[in-house]
Amino acid sequence: MQLFLDTADAASIRRAAEMGVLDGVTTNPTLVAKAGRSISDVIVEICEIVKGPVSVESVAETAEGMVGDARKFSKLSKHVVVKFPFCEEGLKATKIVSKEGIRVNMTLIFSPLQAWLAAKAGAAYVSPFIGRLDDIATPGMQLIEQIVRLFDRHRFSTKVLAASIRHPIHVLEAALLGAHVATMPPEVFHKMFPHPLTKSGIEQFNKDYRAIPPSPSL
Ligand code: G3P
């Protein structure tokens with residue numbers, strides 16, 4: 001499973017990229033607004049850091065507007081993936097731009113049939129929102145499981161991108177179910193690191209190392 005960060009914060013992205021574990025980035029209008037800079041400035045910088053797929057969302061309400069955004073955004077970098085919300089106009093736009101070689105991430109997916117339609121229209125990724133389903137007492141992980149099964153069964157190449165991830169268990173469960181990508185906020189990414197036994201193990205080894213007689217050759 002690939003690991004994406006769901007943020008437009010360049011410092012967080014650089015930190016994860018330097019660890020060698022970051023495959024891509026997803027953004028949405030809310031996240032770009034938080035960065036306080038123009039979309040083009042933010043996206044170009046992120047693409048240079050991550051050198052992998054970077055999703056940029058269109059807020060156009062017509063297929064024509066979405067296609068226009070897709071063509072503009074994709075000129076910013078070869079790494080840009082255009083995000084369209086799931087809707088009739090989004091499907092039309094996906095069909096058009098995917099034929100031009102522009103990759104589409106169809107977002108705001110809340111049912112397996114939405115994912116199926118997005119795949120049929122040519123989306124490269126679908127983004128089911130796990131956390132927002134959990135928030136309304138509907139198990140988000142069941143949606144991941146169903147979409148993975150549906151795409152496997154019908155041999156779609158569209159990737160399942162688990163989004164709206166709220167904690168590390170979401171990441172683990174999405175991976176075990178066969179999601180192709182998990183995108184998570186930096187806070188969730190960093191919550192995967194600590195373990196008390198890792199911490200105490202490092203402390204003990206460092207302490208014991210200091211008791212070893214010095215080696216003349218080291
Ligand atoms: O970027 C899409 C998605 O990951 C948003 O998550 O936490 O706002 O539901 P959230």
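Compute the angle between helix 112-121 and the longest alpha-carbon principal axis of the chain, please, reported from 0 to 90 degrees and rounded to the nearest 10.
70
Computed on alpha carbon atoms, what radius of gyration and Dmax characterise segment 3-105, expressed in Å?
My reading of the Cα-based Rg and Dmax gives 13.3, 40 Å.
For the chain, build the charge dipole from Cβ charges (+1 Lys, Arg; -1 Asp, Glu) around the Cα centre, then report which of Ser77, His170, Gln204 sits farthest towards its positive end.
Ser77
What do you get for trypsin sites (Lys or Arg not before Pro) in segment 165-211 restricted to DSSP loop and a cutoff of at most 11 other Cβ within 10 Å of the site's Cβ? Write out the running numbers ahead of the final one.
Numbers: sites: Arg166, Lys191, Lys199, Lys207, Arg210; in loops: Arg166, Arg210.
Counting only loop positions with at most 11 other Cβ atoms within 10 Å, the trypsin sites (Lys or Arg not before Pro) in segment 165-211 are Arg210.
Most mobile of Val44, Val126, Val82 per a Gaussian network model of the chain (Cα springs, under 10 Å)?
In the Gaussian network model the winner is Val44.
Springs between alpha-carbon pairs under 10 angstrom, Gaussian network model over the chain: which of His154, His167, His180 fluctuates most?
Judging by the Gaussian network model, the answer is His154.
Could you tally the net charge around Phe189, taking each other residue with its Cβ under 15 Å from the Cβ of Phe189, Lys/Arg +1 and Asp/Glu -1? Walk me through the numbers on the way to the answer.
Numbers: positive: Arg14, Arg15, Arg166, Lys191; negative: Asp6, Asp9, Glu18, Asp23, Glu187.
Net of charged neighbours comes to -1.
Mean-square fluctuation check for the chain, GNM, Cα pairs under 10 Å: which of Thr107, Thr158, Thr138 is largest?
Thr138
Using the Cα centre of segment 71-218 as the reference point, and only Cβ charges (+1 on K/R, -1 on D/E), how large is the resulting charge dipole? Debye, rounded to the nearest 20.
Details: 20 positive and 11 negative charges, 149 e Å.
About 720 debye.
Taking only the alpha carbons of segment 130-188, what extent do you get along each of the three principal axes, in Å, biggest first?
34, 24, 16
Can you tell me the equivalent ellipsoid semi-axes for segment 2-211? Use √(5λ) from the Cα gyration tensor, largest first, whole Å.
Computed over segment 2-211, the values are 32, 22, 14 Å.
What does the charge count near Ala124 come to, summing +1 for each Lys or Arg and -1 for each Asp or Glu among other residues with Cβ under 12 Å from its Cβ? The partial results should precede the final answer.
On the way: positive: Lys83, Arg103, Lys159; negative: none.
Here the charged neighbours net out to +3.
How many angstrom lie between the Cα centre of segment 1-79 and the Cα centre of segment 115-158?
21
Tell me the volume per residue, in Å³, of the convex hull enclosing the alpha carbons of segment 163-215.
Spelled out: Cα convex hull of segment 163-215, divided by residues, is 126 Å³.
For segment 99-218, what is the convex hull (Cα atoms) projected area averaged across all directions, in square nanometres?
Numbers: hull surface 48.7 nm².
Across all orientations, segment 99-218 yields a mean hull projection of 12.2 nm².
Given all pairs of different Cα atoms, what value in angstroms does the Kirkwood hydrodynamic radius of segment 76-160 take?
12.9
Ignoring everything except DSSP H segments at least 4 long, calculate the 222 nm mean residue ellipticity for the chain; use -39,500 (n - 2.57) per segment, divide by total residues, nearest 500.
Estimated from H runs of four or more residues: -15500 deg cm²/dmol.
Going by C-beta contacts inside 10 Å, put Leu218, Leu76 in order with the fewest on the left.
Listed from fewest to most nearby Cβ atoms, that is Leu218, Leu76.
Considering amide H positions built from the backbone, and no H for Pro or chain starts, which residues 5 or more places from Ile109, or on another chain, come under 5 Å of its amide H?
The list, which skips near neighbours in sequence, is Ser127, Phe129.
Quick note: the coordinates plus some simple rules give every number you see, no bench work behind them. Everything numeric in this text was worked out from a predicted model, so none of it was measured. Methodologically, a virtual Cβ is constructed for each residue, glycine included, from the backbone with ideal geometry; neighbour enumeration extends over all protein chains shown.
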